[in-house]
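Written out below as structure tokens is the structure these notes cover.
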Amino acid sequence: MIALALCACGGSKKPMETPKDLLVHRLFTFAENGKIAYGHQDDLVYGHNWVLTDWENDPLERSDVKDVTGKYPMLVGFDLGGIELGQAKNLDGVPFGLMRKAARTHVERGGIVTFSWHPRNPLTGGDAWDISSDQVVKSILPGGEKHGQFMLWLGRAADFIESLGVPVIFRPWHENLGSWFWWGGRLCTAQEYQELFRMTWLYFTKDRGLTDIVWCYSPNGNCGPEAYMSRYPGDEFVDMLGIDTYEYVGEDGLEEAGARYMQEIKNQLTYLTALSYEHEKLMCLSETGLEGIPDPQWWTGRLLPAMQEFPISYVLTWRNAHDKPGHFYAGWKGFENEADMKAFSENDNIVFLTDEL
Ligand code: BMA
């Protein structure tokens, strides 16, 4: 972990001083001590069977994760989808005002926030999953017909992040090896993808001076190191190597799905560990989960043993939707398999908000 120690102070000998330096150092310290912080998408803003209505006057003390484990997650993830159009709510109905309040509240409590972004398709007007054209990325790069409009979109995302006033982990253009988003593998060339990532970084960092951002590159998993690096934007633009990998239950059933998932996690984190040393980057399991958690020992029997040997700073499970009953990736009060998540939260190597390092 010596190599990572260098990156914790920006790869130079300058003292750690900025909010970003402190956040990087904190993330590094988890990994250095063999700990993994736990994160949950959209925690604090809604849960499996509740949603905040009068959020301006709410102390934001509700959390499915806290209901089950007694503790808030160390990280909370939010999604910016919709900010690009200046919408009041994101693509999952979360008011951006609430998101800002929740992010600040969580950081004040000692937590860490991370942002993903499912922006709409700037060429067709469809959503992030509109893959009807393979010209979208090209159209928003300099010289492209949608470049000007897209820079306005980047501007709105930057305005929001700036308005938070707290350091964040940002992982734009995620799951870019699959072809389900308009920036995906078959929808643009590697060079176009890299230009998009660098253009985003340059705009935020240089044009807007938003330097308290930890940039995470997070392709979807099920690939090898060559594929992972094939669209890597470059060391200058990335602080953290992430991977998004889910468990899917196929016709062969839960047992096989769990075994397959564990193997995939181990394979991916093995090469990611090597890459993180080589490139002096932090690493994380940026998204994971088993939808509906039908496996009563998923947390302690699958996730924990698959990831615990690797120096990832955090793992984040996806959201507990309030409007899609089976779409949840953390326990909730009354869920039949909730005890296993509580056991996971009591493991010495898993860090929730109030846990001591
Ligand atoms: C997906 C699902 C969708 C959601 C999107 C963005 O994985 O959870 O319901 O709209 O993420 O949060």
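Just so it is clear, none of the values below were taken in a lab; they were calculated from the coordinates. Note that this is a predicted model, so its numbers are computed, not measured. Note that each Cβ is placed from the backbone with ideal geometry, even for glycine, and that neighbours are counted across all protein chains shown.
Does anything in region 45-68 have its amide N under 11 Å from the 7 Å Cα→Cβ label point of Lys89, and if so which residues?
Of the residues in region 45-68, 52-53 have backbone N under 11 Å from the label point off Lys89.
Can you give the extra length, in nm with one decimal, that the chain gains between Arg186 and Gln308 once fully stretched, where that is 0.36 nm per residue apart less the Cα-Cα distance? Walk me through the intermediate numbers first.
Values: separation 122, 0.36 × 122 = 43.92 nm, distance 3.33 nm.
Between Arg186 and Gln308, full extension yields an extra 40.6 nm.
Can you give me the distance in nm between label points at Glu356 and His25, each placed 7 Å from the Cα along the Cα-to-Cβ direction?
In this crude spin-label approximation the distance works out to 2.1 nm.
Near Lys35, which aspartates and glutamates are there with a Cα under 12 Å away, not counting those fewer than 8 places off in the same chain?
Glu309, Asp348, Asp355, Glu356
Applying 1/(1 + (r/R0)^6) with R0 = 30 Å to the Cβ-Cβ distance of Trp129 and Gln297, what FRET efficiency is obtained, to the nearest 0.05? It would help to have the intermediate numbers written out before the result.
On the way: r = 32 Å, r/R0 = 1.08.
With R0 = 30 Å, the Cβ-Cβ based efficiency is 0.40.
Where in the chain lies the longest segment free of GluC sites (Glu not before Pro) that are both loop residues by DSSP (not H, G, I, E, B) and have at most 14 other Cβ atoms within 10 Å? Let's see the in-between values first.
Numbers: sites that count: Glu17, Glu61, Glu145, Glu251, Glu309, Glu336, Glu346, Glu356.
With GluC sites (Glu not before Pro) excluded where exposed in loops, the chain gives 146-250 as its longest stretch.
Would you please classify the overall shape of region 10-129 from the alpha carbon gyration tensor, given that a ≥ b ≥ c denote the square roots of the eigenvalues, rounded means a/c under 1.5, and beyond that prolate means a/b larger than b/c while oblate covers the rest? Intermediate results must be reported in sequence, preceding the final value.
Values: a/c = 2.04, a/b = 1.28, b/c = 1.60.
Oblate, because a/c is 1.5 or more while a/b does not exceed b/c.
Tell me, rounded to the nearest percent, the portion of alpha carbon pairs in region 2-353 spaced more than 40 Å apart. Spell out each step's value before the answer.
On the way: 4229 of 61776 pairs.
The proportion of pairs with Cα distances above 40 Å equals 7 percent.
Compute the length gained on full extension between Asp159 and Thr211: take 0.36 nm times their separation in residues and subtract their Cα-Cα distance, giving the result in nm to one decimal.
Numbers: separation 52, 0.36 × 52 = 18.72 nm, distance 1.33 nm.
Using 0.36 nm per residue and subtracting the Cα-Cα distance, I get 17.4 nm.
List the trypsin sites (Lys or Arg not before Pro) in region 79-150 that DSSP assigns to loop (not H, G, I, E or B) and whose Cβ has at most 16 other Cβ atoms within 10 Å. Which are they?
On the way: sites: Lys89, Arg100, Lys101, Arg104, Arg109, Arg120, Lys138, Lys146; in loops: Arg109, Arg120, Lys146.
Counting only loop positions with at most 16 other Cβ atoms within 10 Å, the trypsin sites (Lys or Arg not before Pro) in region 79-150 are Arg109.
How about region 105-183: which chymotrypsin sites (Phe, Trp or Tyr not before Pro) there lie in a loop by DSSP and see at most 15 other Cβ atoms within 10 Å?
Details: sites: Phe115, Trp117, Trp129, Phe150, Trp153, Phe160, Phe170, Trp173, Trp180, Phe181, Trp182, Trp183; in loops: Trp117, Trp129, Trp173, Trp180, Phe181, Trp182, Trp183.
Of the chymotrypsin sites (Phe, Trp or Tyr not before Pro), the ones in loops of region 105-183 whose Cβ has at most 15 other Cβ atoms within 10 Å are Trp129, Trp180.
Which of Lys101/Lys138; Lys66/Lys101; Lys66/Lys324; Lys66/Lys266 have a Cα-Cα distance over 30 Å?
Lys101/Lys138
Quick check on the chain: of the DSSP beta bridges with both residues there, what percent are antiparallel, nearest 5%?
Numbers: 4 of 35 bridges.
Roughly 10 percent of the beta bridges in the chain run antiparallel, per DSSP.
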